Amino acid sequence: VAADISLLQSGTPTTTDLRDVYSVIEYLRDTASHGVVIQPIDLSRVIVVPYGDGSWANVADLRSQIGYICCLTTDGALTGEAPASVCDWRSCRSKRKLRATLAVEAAAADHAADRGTWVSAHLTECLTGVSAISQDSADRIPVVPVTDAKSLYDAVQAMNPTVDDKRTLLDILSLSSTVGASGLRWVPGSLMWADGLTKRGDKALRARFSAWLQSPTVRLRD
């Protein structure tokens with residue numbers, strides 16, 4: 001319900017907002033036994049997979065809702081499906097007005113990659129005893145960010161991406177410099193687990209997301 005909590009906050013709440021808040025509370029009561037399941041992960045093969053997604057202009061003042069969710073899984077996800085454990089997530093409004101879907105997806109993916117890098121540095125420090133600020137990036141746990149925006153994936157792969165919005169171009173170049181052109185993965189919308197953190201009112205999406213959280217897996221290749 002992270003998206004519900006974020007999107008229902010308003011400076012001028014209405015009776016409709018109050019009704020929707022009660023609806024969320026009722027949902028939580030009805031699903032009190034549905035939690036986030038932490039699964040065992042082989043730390044000798046561990047990778048960090050942050051999913052980033054956004055919904056364009058679905059917030060007041062034409063701002064967009066951005067969500068990310070970071071998972072720990074194994075390198076088995078690079079070639080098929082592997083069990084995962086959720087370790088970090090957030091749903092929030094964009095701090096600036098984003099002009100198009102690509103801009104939202106680029107900002108979300110860059111934010112997800114940033115959080116994934118933090119998780120990687122933190123876990124690497126726990127496992128090796130080497131402080132995060134002293135780590136060589138090559139020695140950290142691999143970070144494999146995921147998007148469901150094919151246009152963003154193609155832009156990151158391009159040596160000189162053609163994007164009219166220069167602010168969006170900065171997000172794309174930041175993402176590319178963080179993970180490299182080969183580091184970003186594309187998945188179809190059905191496997192984009194951050195989608196449930198960017199919108200509300202879709203009961204089917206909420207149910208699918210909740211079911212996944214109780215047995216999370218990561219698949220990055222058919």
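The values are calculated or read from the model by the stated rules, or taken from the named source; none is laboratory data. From a predicted model like this one, the values you see are computed outputs, not experimental measurements. Neighbour counts run over all protein chains shown; Cβ positions are idealised from the backbone, glycine included. Protein only, heavy atoms only, side chains kept; ligands, DNA and RNA dropped before computing areas. Shrake-Rupley method; radii C 1.70, N 1.55, O 1.52, S 1.80 Å.
Could you work out how far the C-alpha centroid of segment 69-112 sits from that of segment 19-40, in angstrom? The two parts, judged by their Cα centres, are 22 Å apart.
Could you list log10 I(q)/I(0) for segment 2-50 at q = 0.16, 0.17, 0.26, 0.31 Å⁻¹, which the Debye formula gives when each Cα is one point scatterer? Scattering profile of segment 2-50, log10 relative to I(0): -0.66, -0.69, -1.01, -1.18.
Counting protein heavy atoms only, segment 55-186 has 54 percent of its accessible area on carbon and sulfur, 1.4 angstrom probe. The Cα trace of segment 125-215 gives Rg and Dmax of 16.8, 45 Å, the first to one decimal, the second as a whole number.
Treating each Cα of segment 1-126 as one equal point scatterer and applying the Debye formula with no solvent, the log10 of I(q)/I(0) at q = 0.15, 0.18, 0.20 Å⁻¹ comes out as -0.86, -1.05, -1.13.
Each listed q (0.10, 0.11, 0.13 Å⁻¹) maps to a log10 I(q)/I(0) for segment 76-179 from the Debye sum over equal C-alpha point scatterers, namely -0.34, -0.41, -0.56.
Structure remark: mean-square fluctuation, Gaussian network model of the chain, C-alpha springs under 10 Å; the largest value among Trp212, Trp56, Trp193 belongs to Trp212. Taking Thr14, Thr101, Thr178 as the candidate residues, the one with maximal mean-square fluctuation in a Gaussian network model of the chain, Cα springs under 10 Å, is Thr14.
For n ≥ 4 DSSP H runs only, could you compute -39500 (n - 2.57) per run for the chain, divide by its residues and tell me the 222 nm figure to the nearest 500?
-12000 deg cm²/dmol
For the residues Glu105, Glu125, Glu26, a GNM of the chain with alpha-carbon springs under 10 Å puts the largest fluctuation on Glu26.
Pairs of lysines in the chain whose Cα atoms sit within less than 26 Å of one another amount to 9, provided the residues are eight or more positions apart or on different chains.
Ranked by the mean number of other Cβ atoms within 10 Å of their residues, highest first, the peptides 87-93, 127-133, 63-69, 5-11 fall in the order 63-69, 87-93, 5-11, 127-133. Taking the Cα centre of each part, how many Å lie between segment 175-222 and segment 153-173? Value for the Cα centre distance between the two parts: 22 Å.
With all protein chains kept in place, the per residue accessible area of segment 116-200 amounts to 52 square angstrom at a probe of 1.4 angstrom.
Multiply the residue separation of Ser33 and Thr12 by 0.36 nm, subtract the distance between their alpha-carbon atoms, and state the gained length in nm to one decimal.
So the extension gain works out to 4.2 nm.
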